[in-house]
Amino acid sequence: MPYGPVEVSFDIKQENLSQILEPSPPKLAPEELDITADKVVDGNLLLLSGTPGVQKFLDILLARNKNVKKILHPKSLGALSRRKAQEFSLQAEQLDLPEEPLDGPVSETLPKRVPALGTKTLVVSSVHYEPMFGLTSAASELTKLVPELKRYVFGEFGTDLPFFPQKSPAQDFALNLFDSLPSLNCLEITEKSGVGMIGLALGDARASHLKSLEIRNEALPIQAQKAERVIFGCGGGENDKNLTEAFSRALFPILMNIALTDSDSKICMLAECGSGLGSEAFLRFVTGRLEPRSKIGSVEYVDGLEVLVAFQKLQADFELKVLTTLPNFYATKFDLETIEGAREAPGSLLQQGSRAKILVLPDASSVSFRA
């Protein structure tokens, strides 16, 4: 199973193994990358992800297309953007977004918030599951760039999360927001750990997102009945770099689609979390400065709050165990029982001599569930 930058292994007795669910999608053909790169017209490039797939496509695009003028980026992607800009003799410019409260209707204030979008711009992102938007899109990633917009979305839709990929009112809001910017072109990249890029979606904000949903449903489908015993990995890399991402990208799909909501259900997650908790909300929670069970309207939004609220809604129905590098103190704050090594994962879900069946998903971040 992928675990951070490495893989870990364990044994399950034949009488205890239900099945291993692991889609095997084909890798995107090189000519598809070239064709898509050639479709990109003149303008700026706004980078919203730094995954391996995004970096590979950037190299192809910038080597073939000499009409990209500038790489725009949020602060978190500054190092990557500057490196690529230097490599291909371009400009790199950080987006400095104002923190002031929204002035007037949300849809009318957006161009003022992100003035760089007023010119022809290609937005590049990588898609994955998250509880607020269901499946991320270029539109949702742009929405999250503006702090006040992020607070607005949580205030409007936070009481009903987590959402399924195909049914998220927060995603509809984001797509409607960016329908009004005709200068925007979006490229969404679908990736899988161990395979690489498996799909590209290029178009306006709405068209690219619908295509990404279609790609995942066709390339990463699994069918499974509900299970009482589940072991899963998060896909490594970006997917379990911290606890916020591991919950968001991999744990929620398992709890919402696979695990039985039963007091005897036991789930084991393998998530390295080498970068720690990953969000301000998680940090405040473990240090006793945030109680998300309060009425949502009375809680000030901080980064990661939607993940924390969704987790506390779902966790009560399951017994959760985890293999992680996080300190045990942090794990216990989330009611996670830690195990010492991957080999202990099967035993942590079974009583001695039990013939209960265990369902295994090596990478829960790269699956599309079917009823």
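The values are calculated or read from the model by the stated rules, or taken from the named source; none is laboratory data. Because the structure is predicted, anything quoted here is derived from the model rather than measured. Cβ sites come from the backbone with ideal geometry, for glycine too, and all protein chains shown count toward neighbours.
Scanning segment 112-134 finds no residues that are part of a helix (DSSP H, G or I) and either crowded, with 22+ Cβ neighbours inside 10 Å or under 17 Å from the mean Cα position of the chain (by Cα) (or both).
The residues of segment 234-257 that are among the small types (Gly, Ala, Ser) and closer than 17 Å to GLY196 by Cα, listed by number, are GLY235, GLY236, GLY237. Among the residues of segment 227-239, are any buried (at least 22 other Cβ atoms within 10 Å of the Cβ), not assigned by TED's automatic domain parsing to the domain that holds GLY274 and not acidic (Asp, Glu)? Scanning segment 227-239 turns up no residue that is buried (at least 22 other Cβ atoms within 10 Å of the Cβ), not assigned by TED's automatic domain parsing to the domain that holds GLY274 and not acidic (Asp, Glu).
For GLU188, the requirement of being crowded, with 23+ Cβ neighbours inside 10 Å and not assigned by TED's automatic domain parsing to the domain that holds PHE311 is met. Picking from residues in segment 28-79 that are touching a residue at least 60 places away in the same chain (Cβ under 8 Å) and in a strand (DSSP E or B), the one that is surrounded by the most Cβ atoms within 10 Å (Cβ to Cβ) is LEU46.
Within segment 241-284, the set of residues being part of a loop (DSSP other than H, G, I, E, B) and farther than 18 Å from MET1 by Cα comprises ILE258, LEU260, THR261, ASP262, SER263, ASP264, SER265, SER275, GLY276, LEU277, GLY278, SER279.
In segment 333-354, of all residues being of a type in the set (S, T, N, Q) and part of a loop (DSSP other than H, G, I, E, B), the one that is surrounded by the most Cβ atoms within 10 Å (Cβ to Cβ) corresponds to SER354.
Kindly establish whether MET256 is touching a residue at least 24 places away in the same chain (Cβ under 8 Å) and either in contact with a strand residue (DSSP E or B) (Cβ under 6 Å, 6 or more places away or on another chain) or of a type outside the set (A, V, I, L, M) (or both). So MET256 fails the test.
Just name the residue that is farthest from MET269 (Cα to Cα) out of those in segment 320-332 that are under 23 Å from the mean Cα position of the chain (by Cα) and either of a type outside the set (S, T, N, Q) or crowded, with 20+ Cβ neighbours inside 10 Å (or both). Step by step, filter segment 320-332, then rank; the result is TYR330.
Annotation: of all residues in segment 137-180 being buried (at least 17 other Cβ atoms within 10 Å of the Cβ) and β-branched (Val, Ile, Thr), the one that is modelled with the highest pLDDT is VAL153. So which residues in segment 8-27 are of a type outside the set (Lys, Arg) and surrounded by fewer than 14 Cβ atoms within 10 Å (Cβ to Cβ)? Selection gives SER9, ASP11, GLN14, GLU15, ILE20, SER24, PRO26.
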